[in-house]
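Okay, structure first, notes after.
The values are calculated or read from the model by the stated rules, or taken from the named source; none is laboratory data. The structure displayed is predicted, hence computed values, not measured ones. So basically every Cβ, Gly included, is an ideal-geometry build from the backbone, and we count neighbours across all protein chains shown. The protein model used for the area step is the full one, side chains on, heavy atoms only, and it has no ligands, DNA or RNA in it. Shrake-Rupley method; radii C 1.70, N 1.55, O 1.52, S 1.80 Å.
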Amino acid sequence: MTSKSLAAPQLVINSRMLYSSWIPADPKAAAALLPHGLKPASNHALFMNQYVVDSEEQASHFGAYSMTYMGLDLAGRTAPDGVTPARFFTHYLNSSEIVRSYARERGVPASPGETTLELNGNELVATTRVDGTPIIRTVARVGSKIGSVARGHLTYVTHVGKKLIAGNYPYIGELATPFELVSLEFLAKDHPTYVLRPASPLQKVEGWCWYSPRDSFVYPGGEYEYEQ
């Protein structure tokens, strides 16, 4: 199956997902990654999602895959809840060419990469690799209980030709408790993602650092032209 034969949107269920948000070491360099017409959020927040889809039964047609995507929160636009900032993809590292191709057709800067989430006791280590080399490592402490269920929509913006396109992504995630984001390391100074490295000490954005052992979402949905 190729991306051309996939109907939109695509459904993914029960992925293992670690979501992080932080303030960058160099806010100006991070903001320079935005295309004309987009401005960073006033707090300069960045986001990253590291997740794994373990089996093909968890996706309508994508198959099993892993990925890490990241980017900037945006000023002036929100998700449908009217509160959560819209977000722009700067990097998107995916293990599946089918998913990468599907994403590229929608303006996402998709490139090869692999992500692992390893849980030993209460320590969760998420590692993003490109060509086998670790470039990002996130460590968190997570509990075995579900403290809440997050649900709603996120809005992600992409660049398709000369147009900015936004997509609404519905999600439902069971959030583990307790949770603590311990560390976030960008390991490869020569990789383009390094510009998004966190400030030291790590400045976390409250409410957007969590682990879900079961997160489901539609990808993408509700696409429309983003008005500048």
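Remarks
- Neighbour cut-off at most 14 other Cβ (10 Å), DSSP loop, trypsin sites (Lys or Arg not before Pro), the range 115-186: Lys162
- Cleavage-rule hits, trypsin sites (Lys or Arg not before Pro), the range 1-83, DSSP coil, Cβ neighbours within 10 Å at most 13: none
- Among beta bridges that DSSP assigns inside the chain, antiparallel share in %, nearest 5: 95 percent
- For the chain, relative contact order (Cα pairs under 8 Å, six or more residues apart, normalised by length) works out to 25 percent.
- Gyration tensor (alpha-carbon) shape descriptor, the range 111-228, a/c threshold 1.5: oblate
- Under 29 Å between alpha carbons - lysine pairs in the chain that sit 8 or more apart or on different chains: 13
- Per residue, the accessible area of the range 60-154 comes to 42 Å² when a 1.4 Å probe rolls over the protein heavy atoms.
- The share of accessible area on the chain that comes from carbon and sulfur is 51 percent, using a 1.4 angstrom probe.
- Helix-only CD estimate at 222 nm, as mean residue ellipticity for the chain, using -39500 (n - 2.57) per DSSP H run (n ≥ 4): -1500 deg cm²/dmol
- Share antiparallel - DSSP beta bridges, the range 70-157, percent rounded to 5: 80 percent
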